[in-house]
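The values are calculated or read from the model by the stated rules, or taken from the named source; none is laboratory data. Since the structure is predicted, the reported quantities are computational estimates derived from the model, not experimental observations. Every residue, glycine as well, gets a Cβ built from its backbone with ideal geometry; the counts of neighbours run over all protein chains shown. These accessible areas exclude ligands, DNA and RNA; they are computed on the full protein's heavy atoms, side chains included. Shrake-Rupley method; radii C 1.70, N 1.55, O 1.52, S 1.80 Å.
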Amino acid sequence: MTDRTDDGDGGYAVKSVKTSYDIVEVLRAQGPLRLSEIVAELDVTKGAVHQHLQTLQRLGYVIKQDTRYTLGLQYLELGDVTRKRHPVYEVAKRELRKLAKTCGETATLMILEDGDGIYVFHSTGGGKDLPRQIPLGERIPLVESVPGRSILSELPPGERQTHVSDDTWEEIEQNQSEIQGQSLVIGHDRETETNTIGRAILNDEGQPIGAISIVGSVDELRGRRLSEDVVGMVVNTVRSIQMQLTNYGSETESMTSE
C-alpha cells in the first residue's frame, strides 16, 4: 500500500482522513471484505472502522454486499473527471487512437504525477486483444515500466537518483537498443512475450510530463518493423502531442489574459 499522507514528521494533519484512506486502500487491494477482515489489516478499533465504513457508504464510495464491503462505482466518475481535466490526456488520446490503428498494436499513455507513473489510457488497434493487462489508474514506480524509464531518461541525473540508483540505471542503459540516442526506450517482457517502445512527452521547458508506448507480441514487433517503422510512428506521435500542448497552453494564456 502506498502511503502518501505522511506530513514528513511521522504524523498526520487529520487522522480520521488517513483512516478512511487506509480503508479504501485495503478494499482496493483485497476487497470485498468483511468488517473483521478490514480491522485485521489496520491498527484501528472495530468501532472506528465501522463508523468510517458507514460514512463512506452514505457517500456512495463503499457499498455493502451481504456481509462484505467493496468500493462503489463512484470512483469511476471521479477518475474519469480527473483525467479529462488533464491537458495531456485530452490531446494524447486522439493521437494514440490513430497510432494504434496505424500500427495495429496497443498504444498507452502514462502521466507523471508526484514522482510516479500512472497509466490513464490505452487503445488497441487491429481488433487485437491486449497483449498484457494495462493497470489503469495504478501508481507505478518509473523504473518498473518502459514508458516510466523513458521519463527517467529525460530527468537530470540528480533528480533521477531519487528514483533509481546509478548502478541500476547504468545496467538499464546497457540493455537498451542503439536507438536509445533518440530518447526511446525498448523493453522485452519474457512473461508475456511482448516488446514495448516508450518515449517521454516533454513540456515547453523540456521537462518530462508523461510518456507514450507501443506494446506488441515479439512475433510481430521485431526487426526492422520494431527499430524503424514503429519507432518512426512513436516519434511523430510524441512530436504531434507536444506541438498541440504548446498550442493548448498558448490558447489558455490568451483566454486568461482577456
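Some notes on this structure:
- Of the residues making up region 99-131, those that are open to solvent by 20 Å² or more (accessible area, probe 1.4 Å), of a type in the set (D, E, K, R) and either closer than 21 Å to LEU152 by Cβ or in contact (Cβ under 8 Å) with a residue 40 or more places away in the chain (or both) number 3.
- Cross-chain or 6+ apart pairs with Cβ under 6 Å, region 40-63 first and in a helix (DSSP H, G or I), then modelled with pLDDT under 95 and polar (S, T, N, Q): HIS52/THR19; HIS52/SER20
- Only a single criterion out of (1) at pLDDT 90 or above; (2) open to solvent by 40 Å² or more (accessible area, probe 1.4 Å) is not satisfied by HIS188, namely (1).
- Meets criteria (modelled with pLDDT under 90 and either within 26 Å of VAL88 (Cα to Cα) or in contact with a Pro (Cβ under 8 Å, 6 or more places away or on another chain) (or both)) for ILE212: no
- Flag if GLU154 is closer than 15 Å to VAL238 by Cβ and modelled with pLDDT of 90 or more: yes
- Being in a helix (DSSP H, G or I), of a type outside the set (Val, Ile, Thr), out of contact with any Phe, Trp or Tyr (no Cβ under 9 Å at 6 or more places or on another chain) and at pLDDT below 90 holds for only one residue in SER16, SER36, and it is SER16.
- Of everything listed in (1) modelled with pLDDT under 90; (2) of a type in the set (Asp, Glu); (3) crowded, with 19+ Cβ neighbours inside 10 Å, the single unmet condition for GLU95 is (1).
- Within region 192-229, restricting attention to residues that are β-branched (Val, Ile, Thr) and not in a loop (DSSP other than H, G, I, E, B), the residue that is surrounded by the fewest Cβ atoms within 10 Å (Cβ to Cβ) is ILE209.
- Where GLY232 falls short, out of the listed (1) of a type outside the set (Val, Ile, Thr); (2) part of a loop (DSSP other than H, G, I, E, B); (3) farther than 24 Å from ILE118 by Cβ: (2)
- Top-ranked residue in region 64-88 [being in a helix (DSSP H, G or I) and among the β-branched types (Val, Ile, Thr); ranked as farthest from the chain's Cα centre (by Cα)]: VAL81
- Applying the condition of being of a type in the set (Gly, Ala, Ser) and within 30 Å of GLU41 (Cα to Cα) to region 69-92 and asking which residue is surrounded by the fewest Cβ atoms within 10 Å (Cβ to Cβ) yields GLY79.
- Residues being in a loop (DSSP other than H, G, I, E, B), within 30 Å of ILE172 (Cβ to Cβ) and touching a Gly at 6+ places or on another chain (Cβ under 9 Å) are entirely absent from region 107-122.
- Restricting region 157-181 to residues that are open to solvent by 60 Å² or more (accessible area, probe 1.4 Å) and among the charged types (D, E, K, R) leaves a set whose member that is modelled with the lowest pLDDT is GLU178.
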